[in-house]
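Comments concern the structure below.
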Amino acid sequence: MRLIYRAGTTMALAACLLFPETALSDTPADGAAECVENLQIPRHGPPGKPGDAIGPVVARIVPDESGRVKSITTEGGTERAALLVKSWVSESTFLPRCAGRTVTFKFSFRIEGPPIEYPFSWVTFQSPNHFIIYSRSRKPDTFRVPGK
């Protein structure tokens, strides 16, 4: 299994490697860790204000025979958060032997600290399958109109 993310995935990756049998599954029988080849985690949260907490968004993914995502259903969170999760997770790949199986993950978003121009994010992992994406809010872009 390979998780794609910046430095913030160290905690999530460590949890998955230390406890592969339960790290990513709803129940031990789910077997999500056995199915993931390359999990794309959202790299930022939906727009919001400092202190906003969104989620969890529960994503249920069914891979096809080639390991690509066949379908994703989400529940919980906001519409923007669900769309963000779907767009990132849809680029994940799974082992072909898991075609047709439902793999479940949870994603929560926390916006912390004052707004900055170029916000960064980091991820923590809570067993059994919950990724929490922390980010800073973005300062609004303001452009001066020439002549005004």
task = Give segment 45-59 a look and list any residue that's surrounded by fewer than 17 Cβ atoms within 10 Å (Cβ to Cβ) and out of contact with any Asp or Glu (no Cβ under 8 Å at 6 or more places or on another chain), or say none.
result = Pro47, Lys49, Asp52, Ala53
ask   = What number goes with the only condition from (1) at pLDDT 60 or above; (2) in contact with a Lys or Arg (Cβ under 9 Å, 6 or more places away or on another chain) that Glu65 does not pass?
value = (2)
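What are the residues in segment 91-119 that are of a type in the set (A, V, I, L, M, F, W, C) and in contact (Cβ under 8 Å) with a residue 24 or more places away in the chain, if any? Write out each step before concluding.
Within segment 91-119, the subset of a type in the set (A, V, I, L, M, F, W, C) is 94-95, 98-99, 103, 105, 107, 109, 111, 116.
Once the filter is applied, which keeps residues that are of a type in the set (A, V, I, L, M, F, W, C) and in contact (Cβ under 8 Å) with a residue 24 or more places away in the chain, segment 91-119 yields Phe94, Leu95, Cys98, Ala99, Val103, Phe105, Phe107, Phe109, Ile111.
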ask   = Can you tell me how many residues in segment 41-84 are closer than 12 Å to Phe107 by Cα and assigned to a strand (DSSP E or B)?
value = 10
remark   = For segment 103-148, the count of residues that are at pLDDT 95 or above and either part of a loop (DSSP other than H, G, I, E, B) or more than 14 Å from the chain's Cα centre (by Cα) (or both) equals 0
task = Could you grab me the full set of residues in segment 93-114 that are more than 14 Å from Glu34 (Cα to Cα) and among the polar types (S, T, N, Q)?
result = Ser108
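The values are calculated or read from the model by the stated rules, or taken from the named source; none is laboratory data. These numbers come from a predicted model, not from an experiment. Positions of Cβ are generated from backbone atoms using ideal geometry, with glycine treated the same way; all protein chains shown enter the neighbour counts.
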